[in-house]
Amino acid sequence: MNKSEENSLLEEITKSVEEENNSENEGPIIPIRGELGWSDYVLSQFEDNEVVIIKDSKGKETRYPKVNGLRRLGELLIGEVIESQPTPINVLAGDNYVNSTFLYKVTFKTDRDLKTFSDVGEVLFFDGESKINNIGDVKFAKFPSSIAVTRAEARVYRKALLLNAVAFEELDKRDLKNSDDKDMDSRELISNEQKLMITNLCKRNKIDVNKYINKGLCRDKKSVFRYDNLNQVSFSHAVEMFKQLEEFQRDKVGLTKYITQCDVGV
């Protein structure tokens with residue numbers, strides 16, 4: 001082997017070693033926040049104890065991140081949290097129900113500026129049992145505001161992380177069961193608890209309940225209900241009615257306008 005061949009071989013060996021070293025040092029490619037593949041990347045960064053895996057009736061697994069993992073990745077991937085604050089929007093309680101709604105705001109300090117995100121969380125219990133819009137563990141029924149705050153916080157971090165996944169704390173108790181579970185609370189008709197809630201709220205707001213269930217939300221033709229009596233109201237419409245009647249507790253001007261326009265006064 002002449003000198004020229006030796007130099008050529010040495011160059012090839014050196015180049016091969018450099019390429020191998022560079023390959024080892026590159027590491028995984030991190031997508032830019034918001035780009036295609038970002039959400040999958042974020043989901044891959046959760047530790048095993050930061051996610052809950054739930055199987056549906058067909059055995060398909062879905063990963064639900066927990067709020068503790070969302071907090072950790074929020075600081076890791078977005079920036080230092082300099083403000084984290086819940087604000088009560090509504091806490092309403094009766095003889096056998098409690099409804100709590102909170103706004104949660106988080107401000108991050110990024111490399112460039114401050115970024116603030118906010119969202120709301122709601123919880124509703126009847127007789128100490130979660131019925132709708134709720135986390136499913138009944139033992140936590142004593143702490144509705146804490147649940148609402150945690151749910152709102154989880155939504156804020158999901159929004160900040162641009163995460164295309166639902167947090168575990170957002171799940172309804174019905175989501176925790178298989179879709180073909182016969183005990184799944186998916187009634188088509190209004191529940192007894194909803195009847196009581198709607199009747200009491202109508203009474204407080206001086207609304208005739210029978211007129212109301214025939215006017216519905218009274219905003220457009222699509223949202224006008226037609227029921228002969230309260231027992232015929234659908235479960236989903238009862239949810240909408242409750243939310244509107246509850247809003248009237250805070251918006252007396254809107255209540256007066258609604259009663260006048262829709263002619264539902266007692």
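Which numbered condition trips up Phe168, out of (1) touching a helix residue (DSSP H, G or I) at 6+ places or on another chain (Cβ under 7 Å); (2) aromatic (Phe, Trp, Tyr); (3) modelled with pLDDT of 85 or more?
(1)
Go through segment 26-46 and count every residue that is surrounded by fewer than 13 Cβ atoms within 10 Å (Cβ to Cβ) and within 22 Å of Ala152 (Cα to Cα).
1
Given Ser118, Ser100, which one is assigned to a strand (DSSP E or B) and either surrounded by fewer than 18 Cβ atoms within 10 Å (Cβ to Cβ) or not assigned by TED's automatic domain parsing to the domain that holds Ala165 (or both)?
Ser118
Name the pairs: first residue in segment 35-61 and farther than 14 Å from Ala167 by Cα, second residue surrounded by fewer than 16 Cβ atoms within 10 Å (Cβ to Cβ) and polar (S, T, N, Q), Cβ to Cβ under 7 Å, at least 6 apart or on different chains?
That search, which allows pairs on different chains as well, returns Asp56/Asn178; Asp56/Ser179; Ser57/Asn178; Ser57/Ser179.
For Leu230, which of the numbered conditions (1) within 29 Å of the chain's Cα centre (by Cα); (2) closer than 14 Å to Ile190 by Cα; (3) modelled with pLDDT of 80 or more fails to hold?
Of the numbered conditions (1) within 29 Å of the chain's Cα centre (by Cα); (2) closer than 14 Å to Ile190 by Cα; (3) modelled with pLDDT of 80 or more, the odd one out for Leu230 is (1).
Name the residues in segment 205-227 that are of a type outside the set (A, V, I, L, M, F, W, C) and modelled with pLDDT of 80 or more, would you?
Hits for segment 205-227 are Asn205, Lys206, Asp208, Asn210, Lys211, Tyr212.
Tell me, which residue of segment 237-266 that is surrounded by 13 or more Cβ atoms within 10 Å (Cβ to Cβ) and of a type in the set (S, T, N, Q) is modelled with the lowest pLDDT?
If we take residues in segment 237-266 being surrounded by 13 or more Cβ atoms within 10 Å (Cβ to Cβ) and of a type in the set (S, T, N, Q), then Gln249 is modelled with the lowest pLDDT.
Condition first: more than 30 Å from Thr199 (Cα to Cα), at pLDDT below 75, assigned by TED's automatic domain parsing to the domain that holds Glu153 and among the small types (Gly, Ala, Ser). Can you find one or more residues in segment 45-66 that meet it?
yes
The values are calculated or read from the model by the stated rules, or taken from the named source; none is laboratory data. This one's a predicted model, so the numbers in the text were calculated from it and none came from an experiment. Cβ coordinates were reconstructed from backbone atoms using ideal geometry, including for glycine residues, and neighbour counts include every protein chain displayed.
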